1. If the requirement is being assigned to a helix (DSSP H, G or I) and either among the small types (Gly, Ala, Ser) or within 25 Å of residue 54 (Cα to Cα) (or both), which of these qualifies: 173, 189?
2. Taking the condition of being under 21 Å from residue 190 (Cβ atoms) and assigned to a loop (DSSP other than H, G, I, E, B), how many residues in segment 79-127 meet it?
3. Of the residues that make up segment 233-252, is at least one under 17 Å from residue 86 (Cα atoms) and surrounded by 20 or more Cβ atoms within 10 Å (Cβ to Cβ)?
4. Among (1) surrounded by 22 or more Cβ atoms within 10 Å (Cβ to Cβ); (2) part of a helix (DSSP H, G or I), there is one condition residue 196 misses while meeting the rest; what is its number?
5. If the Cβ limit is 6 Å and pairs must be 6+ apart or interchain, which residue in segment 33-46 that is farther than 15 Å from residue 131 by Cβ pairs with which residue that is assigned to a helix (DSSP H, G or I) and at pLDDT 85 or above?
6. Here is a list: 118, 131, 164. Which entry is surrounded by fewer than 18 Cβ atoms within 10 Å (Cβ to Cβ) and over 24 Å from residue 57 (Cβ atoms)?
7. Starting from segment 226-245, take each residue that is part of a loop (DSSP other than H, G, I, E, B) and list its partners that are open to solvent by less than 30 Å² (accessible area, probe 1.4 Å), counting only C-beta distances under 6 angstrom and pairs at least six apart or across chains.
8. Sort through 187, 181 and tell me the only one that's modelled with pLDDT under 90, surrounded by fewer than 19 Cβ atoms within 10 Å (Cβ to Cβ) and within 20 Å of residue 257 (Cβ to Cβ).
Amino acid sequence: MRYVALLRGAFALAWREGTAYRFSFAMSFLVIALPFTLQVFLWRAVFLGRESLAGYSFSQMVAYYVLALLLFDFVQPTLLYDVADDIKSGNLAAHLLRPVPYPLWSAGVRFGSQAVYLVVVALTVGLISWLLVVLGYLNPDEWSLERVAAFLLVFALAWLVGLLLSLAVSFAVFFTEDASGLSKVAGFVFPLFSGSLIPLDLLPRWLQMIGECLPFRWLVYEPIRVFSGRAALLDVLPALLAWALLAAFLAWLLWRAGEARFTAVGG
C-alpha cells in the first residue's frame, strides 16, 4: 500500500507538470493532427485507381494509421532524460534514500506524464476519426466491441513493454557518458520495424525477417492487426508478455549493475 501511495503521488506530480502550460497543451492537438492529415492525403493519392494494396483497402489503411497515431508515442522506447540527468548529476543519491525503489518511482513519473498526453491524443484521434467517418474515409461497420476491447488490452501491454525498454535505455547511462546515441538509433529503427511508418506487409521480405527478431512489431503492427481481425488476441498476448518479462529483466539487470557502480560526491 505504501508503494501504491507513493506511485500515486508521482503520477499526480507528473500530471500537474504536464498541464501547467496551457498553450503548449493546446498546441499538442495541432502537432498530432497536421502530420496525420498529410498522411491521409498521401494514401488517398496512392489508392487512386486501385481497390487495395497488400490486402488493405483505403478505409483499412486509414484506420491503420489512426491506430498507429494512437500507439506510437506511448510504446516507442526512448531515453528518459530525467533519469539520465539524475544519474549524471548525482541527484540519484537523494532518490536512493527514499523508501520506494527508484525504477518504480521513474516508471510512475513517466506514466503520469504520458497519461496527460494520452488525453490529448485520445481526444485528437477521436475527433479525426469522426471527421473521417463523415467524409467516408473510415468504415465503422468494420469495427466491433470485441476487437476494441482486445486492442485496448494489447495497447496496455505494449505501453508497458515500451516503458520497460525506455528504463533499460536510460539505465545504460550508468555505463556511458551519453545514452542519447542509443536513443537516436532506437528512434530511427523503431518507426520502420514497428510498422508505424508503413505496414510491415509492404516491406521487402528480408526486412520483415529482421523485424521478426525485434520486439517493435509487437508494439504497433500486431496490436493493429488484433483490432482489424488479422491476428488473434491469444496469438499476440503471449509474445507481448514474453517481451515484457524480457524487458523487465533487462531493465532490472542494468539497474542493479549500475547501482552497484554508482558513486556521488558532494555535501
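The values are calculated or read from the model by the stated rules, or taken from the named source; none is laboratory data. Keep in mind that what you see is a predicted model, and the values were worked out from it rather than measured. Every residue, glycine among them, receives a Cβ derived from its backbone with ideal geometry; neighbour counts consider all protein chains shown. Note: accessible area is taken over every heavy atom of the protein model, side chains too, but ligands, DNA and RNA are not part of it. Shrake-Rupley method; radii C 1.70, N 1.55, O 1.52, S 1.80 Å.
1. Numbers: 173 fails: either among the small types (Gly, Ala, Ser) or within 25 Å of residue 54 (Cα to Cα) (or both).
After applying the criteria, what remains is 189.
2. The number of residues fulfilling the criteria is 2.
3. Yes.
4. (2)
5. Listed pairs, sorted by first residue: 43/61.
6. On the way: 131 fails: over 24 Å from residue 57 (Cβ atoms); 164 fails: surrounded by fewer than 18 Cβ atoms within 10 Å (Cβ to Cβ).
Result: 118 is the single residue among 118, 131, 164 that is surrounded by fewer than 18 Cβ atoms within 10 Å (Cβ to Cβ) and over 24 Å from residue 57 (Cβ atoms).
7. The qualifying pairs are 231/222.
8. Details: 187 fails: within 20 Å of residue 257 (Cβ to Cβ).
After applying the criteria, what remains is 181.
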